[in-house]
1. Of these, Leu167, Leu150, which one is of a type in the set (A, V, I, L, M, F, W, C), closer than 30 Å to Ile11 by Cα, in contact (Cβ under 8 Å) with a residue 12 or more places away in the chain and open to solvent by 10 Å² or more (accessible area, probe 1.4 Å)?
2. Identify, please: which residue in segment 242-293 is aliphatic (A, V, I, L, M) and in a loop (DSSP other than H, G, I, E, B) and is, among those, least open to solvent (accessible area, probe 1.4 Å)?
3. Which of the residues spanning segment 258-291 are more than 14 Å from Arg228 (Cβ to Cβ) and either in contact with a Pro (Cβ under 8 Å, 6 or more places away or on another chain) or small (Gly, Ala, Ser) (or both)?
4. Of all residues in segment 124-167, how many are in contact with a strand residue (DSSP E or B) (Cβ under 6 Å, 6 or more places away or on another chain) and more than 23 Å from Asp101 (Cβ to Cβ)?
5. Provide a single number: the residues in segment 71-88 that are open to solvent by less than 20 Å² (accessible area, probe 1.4 Å) and over 19 Å from the mean Cα position of the chain (by Cα).
6. Return the total of residues in segment 1-18 being of a type in the set (A, V, I, L, M, F, W, C) and closer than 16 Å to Phe330 by Cβ.
7. Could you look through segment 23-52, keep only residues that are open to solvent by less than 10 Å² (accessible area, probe 1.4 Å) and within 9 Å of the ligand (Cβ to nearest atom), and pick out the one that is farthest from the chain's Cα centre (by Cα)?
8. Considering only segment 325-358, how many residues are within 16 Å of the ligand (Cβ to nearest atom), assigned to a loop (DSSP other than H, G, I, E, B) and within 20 Å of Leu35 (Cβ to Cβ)?
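The values are calculated or read from the model by the stated rules, or taken from the named source; none is laboratory data. Not measured: the values here are computed from a predicted model. Neighbour counts are summed over all protein chains in view; Cβ atoms, including those assigned to glycine, are modelled from backbone coordinates with ideal geometry. SASA here: full protein model, heavy atoms, side chains in, ligands and nucleic acids out. Shrake-Rupley method; radii C 1.70, N 1.55, O 1.52, S 1.80 Å.
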Amino acid sequence: MEFPTSSDFVIIGGGVMGASAAYHLAARGAKNILLLEKEAFFGQGATGRCAGGVRYQFATEVNIRLSLASLPMLERFEDEIGQAIDYRQCGYLFLLTLPEDVRVFENNVRMQNRLGVQTEWVSGDKIRRWLPMMKLADVISGTFNPKDGLVDPNGVVMGYVTAGQRLGVNAQTEVEVLGVQVENKRVVGVETNRGRVSTPLVINAAGPWAGLIGRMAGVEIPITPIRRQMLTTTPLPEIPESFPFVIDFAQSLYFHREGQGLLTGMSNPAENSGLDQSIDVDWELTHLEAAARRMPLLEKAGLQSHWAGLYEVTPDAHPIYGKTPVEGFFVCGGFSGHGFMHGPISGKLMAEIVLDGTASSVDISMLDLARFAEGRLIREYNVV
Ligand SMILES: Cc1cc2nc3c(=O)[nH]c(=O)nc-3n(C[C@H](O)[C@H](O)[C@H](O)COP(=O)(O)OP(=O)(O)OC[C@H]3O[C@@H](n4cnc5c(N)ncnc54)[C@H](O)[C@@H]3O)c2cc1C
């Protein structure tokens with residue numbers, strides 16, 4: 001499609017948030033939507049580097065409600081959007097090794113159950129019988145939700161981009177936004193490597209780069225990029241197809257089946273902020289040692305692939321939706337390492353905010369940008 005000089009809606013960032021917002025705006029009948037992605041393909045940022053996990057198990061009501069709205073959209077995705085996304089409901093199993101985590105998770109499970117999420121308690125002995133290939137002597141107990149699982153991130157992004165294009169979205173790759181033009185506290189355009197586009201409305205969906213885009217408009221958006229990395233192994237026939245997404249919560253260490261092998265990752269608590277996406281080999285070694293202590297099978301597996309990506313972290317580990325002090329300049333970002341699963345509902349919520357003035361599908365009024373200046377932060381304990 002031709003590159004325009006003006007547009008009614010410009011969305012910066014073709015990850016899951018930008019693609020979903022573009023589709024949902026178009027599905028509501030909006031016209032002249034321009035989706036801009038700086039890379040050669042959509043979904044090469046955090047979305048394309050993520051673990052693909054989707055879960056209902058969260059520690060705050062708003063995150064649970066986002067999952068209650070978003071995961072059914074993924075279940076219906078192929079029918080509604082016309083793209084297969086390989087939703088595997090293998091369940092998430094959180095392993096708890098610290099008494100203080102057990103207490104917090106007891107409260108979380110009570111809240112999840114109250115909201116209609118059927119998370120179950122599993123005793124340490126049951127987990128040890130369930131996963132004999134793992135070393136779990138220190139596990140006190142765990143929580144399991146059979147409806148949590150895995151989804152193909154690329155399928156979701158391309159499904160929304162393609163469905164949006166069918167509805168008239170102008171989706172462009174290799175277009176980098178270099179500046180956001182503001183006049184009299186109102187957005188009037190964006191400057192790109194392909195020229196200027198005048199527009200009265202911009203959605204900043206640039207993921208880990210959203211803080212940089214904010215600064216282009218003179219708006220401070222507290223989204224910090226923090227590197228996270230993972231690896232996959234060569235085939236391990238001992239891992240059954242039904243193997244859940246296992247999270248050793250205290251170590252932020254996780255495993256799930258990927259192809260015939262395993263995917264494993266571990267968050268480095270000392271990682272500095274920055275845009276470096278190269279692999280930290282020292283941390284990879286630390287991670288592999290911890291992973292092999294839990295899963296000795298790993299010692300006989302080969303490395304299939306490894307990569308690093310960027311979490312988009314906010315001070316309270318919750319996303320930021322909606323307006324900013326610059327009129328017409330909106331933000332949808334800061335999902336702090338679990339945004340892929342909330343991409344479907346987030347795009348719908350952004351369409352509501354932009355077209356109706358307020359989000360109605362889920363009450364996200366507390367997730368506004370102003371909360372940081374006003375000290376209304378929210379805490380999420382289940383950050384992996
Ligand atoms: C290692 C890792 C594991 C994860 N695991 C999970 C998981 O299991 N489950 C889950 O739900 N979430 C997970 N996440 C988090 C999830 O990936 C993110 O929350 C989500 O993908 C954010 O989507 P986004 O669209 O906001 O950002 P992105 O996907 O990063 O999209 C932003 C896009 O903006 C583009 N862009 C940036 N600057 C510009 C510019 N100037 N001009 C034009 N385009 C620009 C970028 O190229 C990028 O494509 C993980 C993240 C990482 C890094």
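1. Numbers: Leu150 fails: open to solvent by 10 Å² or more (accessible area, probe 1.4 Å).
Selected residue: Leu167, the only one of Leu167, Leu150 that is of a type in the set (A, V, I, L, M, F, W, C), closer than 30 Å to Ile11 by Cα, in contact (Cβ under 8 Å) with a residue 12 or more places away in the chain and open to solvent by 10 Å² or more (accessible area, probe 1.4 Å).
2. So in segment 242-293, the residues aliphatic (A, V, I, L, M) come out as 246-247, 250, 253, 262-263, 266, 270, 275, 279, 281, 285, 288, 290-292.
Checking which are in a loop (DSSP other than H, G, I, E, B) leaves us with 270, 275, 279.
On the way: Ala270: 76, Leu275: 80, Ile279: 50 Å².
Top of the filtered list is Ile279.
3. Let us first name the residues in segment 258-291 that are more than 14 Å from Arg228 (Cβ to Cβ), namely 258-262, 281-282, 285, 288-291.
Residues satisfying the conditions are Gly259, Gln260, Gly261, Ala290, Ala291.
4. 4
5. The number of residues fulfilling the criteria is 1.
6. Of the residues in segment 1-18, the ones of a type in the set (A, V, I, L, M, F, W, C) are 1, 3, 9-12, 16-17.
Now restrict to residues that are closer than 16 Å to Phe330 by Cβ: 9-12, 17.
Residues flagged as of a type in the set (A, V, I, L, M, F, W, C) and closer than 16 Å to Phe330 by Cβ within segment 1-18 amount to 5.
7. Restricting to residues being open to solvent by less than 10 Å² (accessible area, probe 1.4 Å) and within 9 Å of the ligand (Cβ to nearest atom), the top hit is Leu36.
8. The number of residues fulfilling the criteria is 3.
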